[in-house]
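Report on one structure; see the data block that follows.
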Amino acid sequence: MFDNHTNEAIAEISSSYESKTPIDDKLIDKYVLTLDRATIQQPTYFQTIIPLINQVLLDKEYGTIDPTGILIKLLEKVLSYINFEEVLELYPPQFIIQNLFTSSTISILCLKILRMNIHQPQTQEFLSSNNVMPQLIQLFFEESTPISVLNSIESLVSVLNSGEVHLLGGTELLYSVRKSNNPILLARLLDLLLVLVDKSNLDTKLYNFELEEIVTFSDDPLFLILLIQFYVNSIGMNLNIEGSIANVLTLYNRGSFDDIVKSEVADLIAKMSYNNYETLLSSFEVFKSYNFIKIYEKDEVEIRILSKSNPDVVHKINPSIYDDVLKNLPLFDHAYFPILINVIASPSLWNSLQPKLTNEKLESLSKDRLFQLLLGMSKYNHTKEYLFNNLPTVVSDEIIESDIRNHDIWRLKLEVLENLKHSEGVSGYQYWQPKIEEAYNLMKFGQSYKHVQPKVEVVDDTV
């Protein structure tokens, strides 16, 4: 009746349905990849395969038959070839309405159908006349709604453009959730707002939290983490969050957060350092030397701040950071090595760091740590210049001549060479250029790692 691939797929789905045993998801996935317009144009194709898939989806043993959800993927691919009007011939409007709000597999399917056709006039008319989107938002804020359905609703909202957001209805429910103390629903609200930020002008009352409000969640570190992550993700977006960030930093300076929450604050500080928050960072003195007292005890939060923050901003706010802190740290040790990798990016700090990076010191490092450092140094002109002119042994013996067999280190070396190839105008590059290009071409085109015989590389056993 159909082509061989389609017949095989139909036979597999039918067999699994009848025996209530797991479907061969690899076979169906392969069929999804080969399915094209010629496939769906075969006579009675839709009338055969869609009812068969629906039969499985509606079966009480669906979870057993299709544990990986491959049939949803197949159905989504099949339906992608038709418009919403044609979809309604296969799935009557009443069927979609009845199943859309059921928190089931069929609900996810209906949401996917709407998502694929969201910009079509027929789809929008269907959504508007049946008040679909407001009901979905209501479902989104029901605690019992499964994560899979939540993700599907969020995915549907994400494809709306600014001219379609009106389909969501009013914001009364959003304000109601915001006024609650339910951390689960508040976390969902924050997720939804991130989806809506580029589509609508959001009221600052929806996403800003007063200091006293944040304190009320002191016993709920998970929500505090999600709240701070929201502000991390919001930086750079069209949201007025400076007041809330100041509240977070106030509580951080007071020592009000658990260590697990402090790590998120460290990420917030780092993100701020790359996004024009110098005034706020300076006012809270987060980069001042006396705020790194515990770093000598390998405090993870303080190490995280110096490992991830913009080193130029750190130095600008605290010009004595090297003499007071960095100079006294064993930067080549495992715990502090990420700080070294980060701060070499700063030309202003680099001048102070140079004496620490000698041929002898670098060659004493394990191969993985050496090439992690070299990768960092291969990214900036000031460190490239130092490599070319002050570390000839490292460039010759390690970057160019070394015979690396460990897969991860081999890839690091290739990336180092690729970065160094683009060093036009850097002092010293002209001398090394032919050898660097030759080494790069040999690795990139002259040998493949999979053909290289295994060899044990000396790596850092502390990692």
* Report the one residue of L127, I96, T44 whose Cα lies farthest in the direction of the positive end of the charge dipole of the range 1-148 (charges on C-beta: Lys and Arg +1, Asp and Glu -1; origin at the Cα centre). => L127
* Asked: Within the accessible area of the chain, what % is carbon and sulfur when the probe is 1.4 Å and the other protein chains stay in place?
  -> 48
* To do: State the Cα centre-to-centre distance between the range 289-340 and the range 343-417 in whole Å.
  => 21
* For K73, tell me the accessible area in Å² from a 1.4 Å probe, rounded to the nearest 10. => 90
* To do: Could you give the size of the charge dipole of the range 228-385 about its Cα centre, using +1 on the Cβ of each K and R and -1 on the Cβ of each D and E, expressed in debye and rounded to the nearest 20?
  => 260
* Ranked by how many other beta carbons lie within 10 Å on average, peptides 366-372, 121-127 from highest -> 366-372, 121-127
* To do: Can you grab the distance from the C-alpha centre of the range 98-140 to the C-alpha centre of the range 247-287, Å, no decimals?
  => 41
* Output ³J(HN,Hα) for the range 229-244: one whole-Hz value per residue in order, computed from phi by the Karplus curve 6.51 cos²θ - 1.76 cosθ + 1.60 with θ = phi - 60°, and x for Gly and Pro. => 4, 4, 5, 4, 5, 7, 4, x, 8, 7, 10, 9, 10, 4, x, 5
* Got a sec to turn the phi values of the range 124-136 into Karplus ³J(HN,Hα) couplings, 6.51 cos²θ - 1.76 cosθ + 1.60 with θ = phi - 60°, whole Hz, x for Gly and Pro? -> 5, 5, 4, 5, 5, 5, 9, 6, 5, 4, x, 5, 5
* Size of the dipole of the range 271-364 about the Cα centre, Lys and Arg at +1 and Asp and Glu at -1 on the beta carbon, nothing else charged, in debye to 20? -> 160
* Structure fact -> With +1 on the Cβ of every Lys and Arg and -1 on the Cβ of every Asp and Glu, the dipole magnitude of the chain about its Cα centre, in debye rounded to the nearest 20, is 660
* Structure fact -> Projected onto the charge dipole of the chain (unit charges on the beta-carbon of Lys, Arg, Asp and Glu, signs +1, +1, -1, -1), the Cα from F140, M377, F223 with the largest positive-side position is that of M377
* Structure fact -> So the angle from the long Cα axis of helix 45-57 to the longest Cα principal axis of the chain, reported in degrees to the nearest 10, equals 70
* **Fully extended contour minus Cα-Cα distance, from D408 to D219, at 0.36 nm per residue** => 63.9 nm
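Per residue, what accessible area does the chain have, given a 1.4 Å probe and all protein chains present, in Å²?
Numbers: 22390 Å² over 463 residues.
Per residue, the chain has an accessible area of 48 Å².
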* To do: Determine which residues of the range 50-84 fall in the zone a paramagnetic label at K30 would reach in this model, i.e. backbone nitrogen under 20 Å from the point 7 Å along Cα→Cβ.
  => 66-75, 77-78
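Could you tell me which trypsin sites (Lys or Arg not before Pro) in the range 267-354 are loop residues by DSSP with no more than 16 other beta carbons within 10 angstrom of their beta carbon?
Values: sites: K271, K288, K294, K298, R304, K308, K316, K327; in loops: K288, K298.
Those satisfying the criteria are K288, K298.
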* To do: Sticking with the crude label model, points 7 Å out along Cα→Cβ, report the distance from Y296 to S364 in nm, one decimal please.
  => 2.2
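Relative contact order for the chain using alpha-carbon pairs under 8 Å, separation at least 6, rounded to a whole percent? All intermediate terms of the calculation are to be shown ahead of the outcome.
Numbers: 443 pairs, mean separation 33.2, N = 463.
Relative contact order comes out at 7 percent.
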* Structure fact -> Taking the chain, the equivalent ellipsoid from its C-alpha gyration tensor has semi-axes in Å, biggest first, of 50, 35, 19
* To do: May I ask you to evaluate 6.51 cos²θ - 1.76 cosθ + 1.60, the Karplus curve with θ = phi - 60°, for each residue of the range 21-31 and list the ³J(HN,Hα) values in order in whole Hz, giving x for glycine and proline?
  => 10, x, 6, 6, 5, 5, 5, 5, 5, 5, 5
* Just need the relative contact order of the range 138-295 here, percent rounded to a whole number, with Cα pairs under 8 Å and 6+ apart. => 19
* Asked: Taking 0.36 nm per intervening residue step and subtracting the Cα-Cα distance, what contour gain separates L280 from E18 on full extension?
  -> 87.8 nm
* When you have a sec, figure out the Kirkwood radius of the range 279-417 from all distinct Cα pair distances and drop it here in Å to one decimal? => 15.8
* Asked: Based on the mean of other beta carbon atoms within 10 Å per residue, what is the order of 275-285, 61-71, most packed first?
  -> 61-71, 275-285
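Here is the link list: K308/K379; K271/K384; K361/K413; K298/K356; K308/K435; K421/K444. Which ones come out longer than 24 Å on Cα distance? Before the final figure, lay out each step's value.
Working: K308/K379 16 Å; K271/K384 26 Å; K361/K413 18 Å; K298/K356 20 Å; K308/K435 34 Å; K421/K444 13 Å.
In this structure, K271/K384; K308/K435 lie more than 24 Å apart at Cα.
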* Asked: For the pair V165 and S289, how long in nm is the line joining their label points, each one 7 Å along Cα→Cβ?
  -> 4.8
* Note the angle between two axes, namely the Cα long axis of helix 259-273 and the longest principal axis of the Cα atoms of the chain, as a number of degrees from 0 to 90, rounded to the nearest 10. => 80
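Over the range 62-208, what relative contact order in percent results from Cα pairs under 8 Å that are six or more residues apart?
Working: 103 pairs, mean separation 29.4, N = 147.
20 percent.
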* **Simple label model, 7 Å out from Cα along Cβ direction - S427 to D258, nm** => 5.3
* Structure fact -> Rounded to the nearest 10 degrees, the helix 381-390 long axis (Cα) sits at an angle to the longest Cα principal axis of the chain of 40
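The values are calculated or read from the model by the stated rules, or taken from the named source; none is laboratory data. Everything quoted here is computed from the prediction, not taken from an experiment. Don't worry about glycine lacking a Cβ; one is built from the backbone with ideal geometry, like all the others, and counts go over all protein chains shown. Heavy atoms of the whole protein, side chains included, go into the accessibility calculation; ligands, DNA and RNA do not. Shrake-Rupley method; radii C 1.70, N 1.55, O 1.52, S 1.80 Å.
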